[in-house]
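Here the structure is laid out as structure tokens; the discussion comes afterwards.
The values are calculated or read from the model by the stated rules, or taken from the named source; none is laboratory data. A quick note: this is a predicted structure, and the numbers were derived from the prediction, not measured. Because the Cβ atoms are built from the backbone with ideal geometry, glycine has one as well, and the counts that use them run over all protein chains shown. Side chains are part of the model used for accessible areas, which takes the heavy atoms of the whole protein and leaves out ligands, DNA and RNA. Shrake-Rupley method; radii C 1.70, N 1.55, O 1.52, S 1.80 Å.
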Amino acid sequence: MSWITALPTRAARWSAAHPWRAIGAWFAFVALAVGMAVLVPAQSTTDADYRVGDSGRAHALLDRSGLLAPPGEAVLITARSGALDPAAATSAARQLTDRMTRTPGVAAVAPLVWNGDRTAALVTITLTDGAQDGTALTRITESVAAANPALEVREAGDLTIDEGINERVAADLHTAEVISLPVTLLLMLLVFGALVAAGVPVLLAGTSVAATMGLAAPISYLVPAEPTVNSMIVLIGMAVGVDYSLFYLKREREERAKGAGTIDAVEIAARTSGHAILVSGLAVIASLAGLFLAGGATFTSLATGAILVVGVAMIASITVLPALLVKLGHWVDRPRVPLLWRVTRRAGRRGTSARLLTPVVRYPRTALVIGLAAAIGLSLPAFGMRLHQPSLATLPQDIPVVATAGRIAAEFPSQGSQAVVVVEAPADDQPRVAQSLRALSAAAVATPAFVPDEGDTVTTSADKTVTRLTLAIRYAEQDPRTDDAIQRLRTSLAPNALDRLGAQYVIGGDAAWNLDVTQRQLDRLPWVIGFVVALTLVMMGLAFRSIRLAMLSAGLNLLSVGVAFGVMRLVFQDGHFASALDFTSPGYLIDWVPLLVLAVLVGLSMDYHVFVVSRVREYAEQGLGARAAVRLGITDTAGVVTSAAAVMVSVFAIFAAMSLLEMKMMGVGLAVAILLDATLIRLVILPSALVLLGDAPWQRRTPPVTTAPASSTVLRHQSRRVVESSAAR
């Protein structure tokens with residue numbers, strides 16, 4: 001692993017010797033990448049990419065036989081106030097039918113149907129395969145609604161819901177991008193007190209995000225892009241991009257303050273912070289790679305985007321950043337914000353972190369017990385997590401089509417959750433298959449879980465080899481009883497009716513797909529956790545040559561993940577702080593969010609961990625005892641870690657304000673976990689554990705690496721060693 005130490009130094013030396021080439025090459029790369037995004041349209045995921053289990057096999061079989069249900073829309077007609085006038089509703093339905101049947105892309109318009117108490121009527125529209133634009137239908141619905149002011153005429157369906165969600169996601173992402181840049185710049189001003197120094201991390205993070213979005217377009221032809229991948233790129237890119245630049249720039253300024261020249265300061269920063277950036281960046285990438293074990297289009301796409309942006313940000317930090325610092329020189333501290341500059345210059349190692357560390361280092365056992373008790377207490381609720389796929393209940397209810405879809409499902413249960421039974425058999429057996437499926441339908445409707453549907457629910461392919469039965473489920477998609485209904489259908493109802501046919505059959509549909517996906521996440525979660533923990537052990541063991549440090553790192557990562565899971569369960573499953581965060585609890589966590597938070601959190605927390613432990617090791621290798629090395633290492637890095645955590649928490653908090661509940665879950669989980677990771681874990685549990693481990697983790701056979709460039713710096717370190725040793729006593 002010696003190349004991890006040598007690479008940042010060599011890259012910094014080349015960039016320092018050829019600064020304009022490095023700067024020009026970086027911005028040319030960014031421009032080229034952005035240009036690719038304009039010229040190469042991204043390849044999005046399709047329904048086939050999300051197939052899993054029996055539901056996936058059913059979807060593939062229906063698609064192959066031509067029985068896959070085409071997209072559809074539904075128009076709900078209710079009274080604006082009072083009782084619904086049947087004549088007015090029938091007239092409005094006739095207007096809709098007359099105009100929509102003549103609209104391109106419409107295959108059929110079904111007759112008007114009424115709910116049980118005739119307070120609502122429904123017109124369903126079947127679209128042609130490949131229909132992608134519902135604008136014309138929406139205009140007709142709006143026109144009929146305007147012509148019938150006494151009625152509420154509202155539309156929802158496959159196309160309109162997708163359009164409404166996509167518009168909201170685009171608006172949320174734009175808001176996040178607009179807010180994250182000035183917020184990050186403001187935080188950097190508070191850290192550095194100078195405009196140029198504050199702007200450099202934001203510039204590198206922003207260009208890294210832009211370049212990654214450009215590269216993601218051609219890569220999407222290998223790994224199709226999930227709709228939320230750009231949100232992930234912004235989320236991770238701004239966090240790690242600013243962090244890496246912050247680590248590097250802080251160390252460079254620190255060495256210049258000790259008297260080193262710009263070139264020497266940049267080289268020392270490369271050898272120390274650059275090494276930490278490379279190790280932590282590889283740890284982030286390795287952790288995110290664990291998502292590939294989870295499988296599925298969502299995790300594959302998000303993992304690819306996140307890994308790509310981390311790699312780009314890491315490259316920027318060890319190449320163009322040294323070149324920028326060399327060219328800027330002392331101008332990096334200009335122009336100064338007078339008050340902020342004085343505050344940042346006076347803020348030293350005798351701040352809050354030093355006062356907190358004093359009792360932690362003096363009484364490490366007590367501090368460790370208190371810290372572990374707090375972290376474990378926050379983690380315990382994680383054992384009660386319930387996972388489920390997104391549903392209508394998790395979509396923003398202020399999107400009109402989402403609210404309409406929920407009302408349609410409530411008034412017409414047959415339009416809600418459905419199960420699909422698909423049978424493949426020789427064409428000669430089709431009459432027996434149809435008869436058995438109708439018997440299955442009768443048996444299912446006789447149970448409380450299924451409701452009768454209008455018309456014949458059995459359809460057959462053109463070659464008579466595939467037959468489909470559609471069963472409407474009484475309960476909402478997110479109701480646990482829906483999962484129970486699918487399980488009963490698979491384990492008893494379907495076998496009782498179909499096993500005697502000797503034909504292949506599978507149970508699919510949206511409700512079955514939700515169950516299959518959730519079960520896969522639950523099955524693979526232990527494997528992902530094991531993979532991430534094992535990689536942490538290996539990487540930390542190779543980076544620091546200490547099994548004790550590797551095991552400590554893995555344990556702290558598990559604590560951070562437990563805290564994140566516990567907080568998400570308390571907030572989103574149990575509904576605490578729901579009004580403050582503006583959401584309605586669905587009673588579960590969206591199934592892919594915990595896995596993603598696990599991978600992202602472990603990767604990002606390694607940033608702090610590697611940075612802090614690297615500095616402690618520097619002092620230990622200079623001969624300081626464990627207490628003094630821990631005290632100096634933690635206090636030296638506390639300001640940087642706090643600043644980096646503030647950036648991450650701010651970026652994640654922006655996503656916590658998004659409309660989509662999955663983005664809100666991810667933002668809150670990561671923001672709270674990073675905040676506690678940078679404080680409780682890195683300022684209490686980590687230093688107390690390192691003190692208790694003593695000198696053992698730092699005993700190496702290789703000679704210690706001296707990072708000080710000048711004898712004056714060594715003397716200063718020796719003076720501080722005497723002072724700190726006295727203080728420790």
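Below is a table of values for the structure above.
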{"item": "Per DSSP, loop chymotrypsin sites (Phe, Trp or Tyr not before Pro) in the range 13-104 with at most 10 further Cβ within 10 Å", "result": "none"}
{"item": "Where the chain is the region considered: accessible area per residue in Å², 1.4 Å probe", "result": "41 Å²"}
{"item": "Angle between the chain longest axis and helix 364-379 axis [Cα atoms, degrees, rounded to 10]", "result": "10 degrees"}
{"item": "Amide H within-cut-off set for residue 52, under 5 Å, with H built and near neighbours excluded", "result": "57"}
{"item": "Whether the range 66-179 is rounded, prolate or oblate, judged on the alpha carbon gyration tensor where a/c under 1.5 counts as rounded", "result": "oblate"}
{"item": "3J(HN,Hα) from dihedral phi, the range 295-308, Karplus parametrisation 6.51/-1.76/1.60, rounded to Hz, x for glycine, proline", "result": "x, x, 5, 4, 5, 5, 5, 5, 5, 4, x, 5, 4, 4"}
{"item": "For the range 470-565, the spread of Cα positions along each principal axis, largest first, Å", "result": "63, 31, 17"}
{"item": "Accessible carbon and sulfur surface of the range 622-696 relative to its total accessible area, %, 1.4 Å", "result": "66 percent"}
{"item": "Of all accessible heavy-atom area on the range 148-278, the percent that carbon and sulfur account for (1.4 Å)", "result": "66 percent"}
{"item": "Amide H contacts of residue 152 (H built 1.01 Å from N, under 5 Å, at least 5 apart or other chain)", "result": "78, 79, 80"}
{"item": "Prolate/oblate/rounded call for the range 457-505, Cα gyration tensor, a/c under 1.5 rounded", "result": "oblate"}
{"item": "The range 403-458 - percent of accessible surface contributed by carbon and sulfur, probe 1.4 Å", "result": "53 percent"}
{"item": "Sequence of 627, 94, 253 when ordered by accessible area, the most exposed leading, probe 1.4 angstrom", "result": "94, 627, 253"}
{"item": "On Cα atoms only, tilt of 2-17 relative to the major axis of the chain in degrees", "result": "80 degrees"}
{"item": "Amide H within-cut-off set for residue 107, under 5 Å, with H built and near neighbours excluded", "result": "126, 127, 128"}
{"item": "Cα-only radius of gyration and Dmax that characterise the range 373-515, units Å", "result": "18.5, 68"}
{"item": "Packing-based ranking, highest mean first, of 629-641, 517-529, 544-556 given that Cβ atoms within 10 Å are counted", "result": "629-641, 544-556, 517-529"}
{"item": "DSSP bridge pairs, the chain: antiparallel proportion in percent, nearest 5", "result": "90 percent"}
{"item": "Cα long-axis angle, helix 711-728 against the chain (0 to 90 degrees, to the nearest 10)", "result": "80 degrees"}
{"item": "Estimated [θ] at 222 nm from DSSP helical runs (n ≥ 4, -39500 (n - 2.57)) normalised by residues in the chain, nearest 500", "result": "-21500 deg cm²/dmol"}
{"item": "Backbone HN-Hα couplings from phi across the range 481-496 [Karplus 6.51/-1.76/1.60, Hz, Gly and Pro as x]", "result": "5, 5, 4, 4, 5, 5, 4, 5, 4, 6, 8, 10, 4, 5, x, 4"}
